[in-house]
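The values are calculated or read from the model by the stated rules, or taken from the named source; none is laboratory data. Keep in mind that what you see is a predicted model, and the values were worked out from it rather than measured. Cβ placement follows ideal geometry from the backbone for every residue including glycine, while neighbour counts extend to all protein chains displayed.
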């Protein structure tokens, strides 16, 4: 191979190596030619938009903001750390919420079907009506009366008191008022010959002695026979 042929071969190799570079340069030139009009439009648009804030914006304000950001780098870092913690917490809590929310919805639906929510709403309506009808002082007095009634209910829970009230409640069904007749002294003496009348009179005497404690403030006499 002659020197001329060797030189031509090397030139062909160099041309082959430079061809991609040439193509890249042409692509960059084409991209530049395409971007120059767009950049001009973007620059003009930016100028028009900045005209709206020209009166409010000062370069000193931007520098002050930049300095404050530099002085608050630790605070910004702390805020970012807390944000990451919050994101981790939400990510951890999300599966639990996905399983808990349907259960809560089902539970509320069951309460609705059983009428519990309607009862709660009715109770709230009653409280609203009470608040509209009575003043705060009246409600305080009603509360005092409710406490007294609860005390009476507690006394009625005594087995003897409960048995007495149950038996006393049965009396109206045993009395025939339609067949009652006037009774004089002799009739009263004749009625006392009945065992039931004597037992009733004994019960009446016990009640009379017990009612005597009302005068003493309800204190039962010790050793009552």
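Annotations for the structure displayed:
- The single residue among 144, 125, 158, 140 that is modelled with pLDDT of 80 or more and within 30 Å of residue 106 (Cβ to Cβ) turns out to be 125.
- Some residue of the stretch 77-92 being without any contact (Cβ under 8 Å) to a residue 60 or more places away in the chain, farther than 30 Å from residue 210 by Cα and not in a helix (DSSP H, G or I): no
- Complete set of residues in the stretch 128-139 that are surrounded by 11 or more Cβ atoms within 10 Å (Cβ to Cβ) and assigned to a helix (DSSP H, G or I): 130, 131, 138, 139
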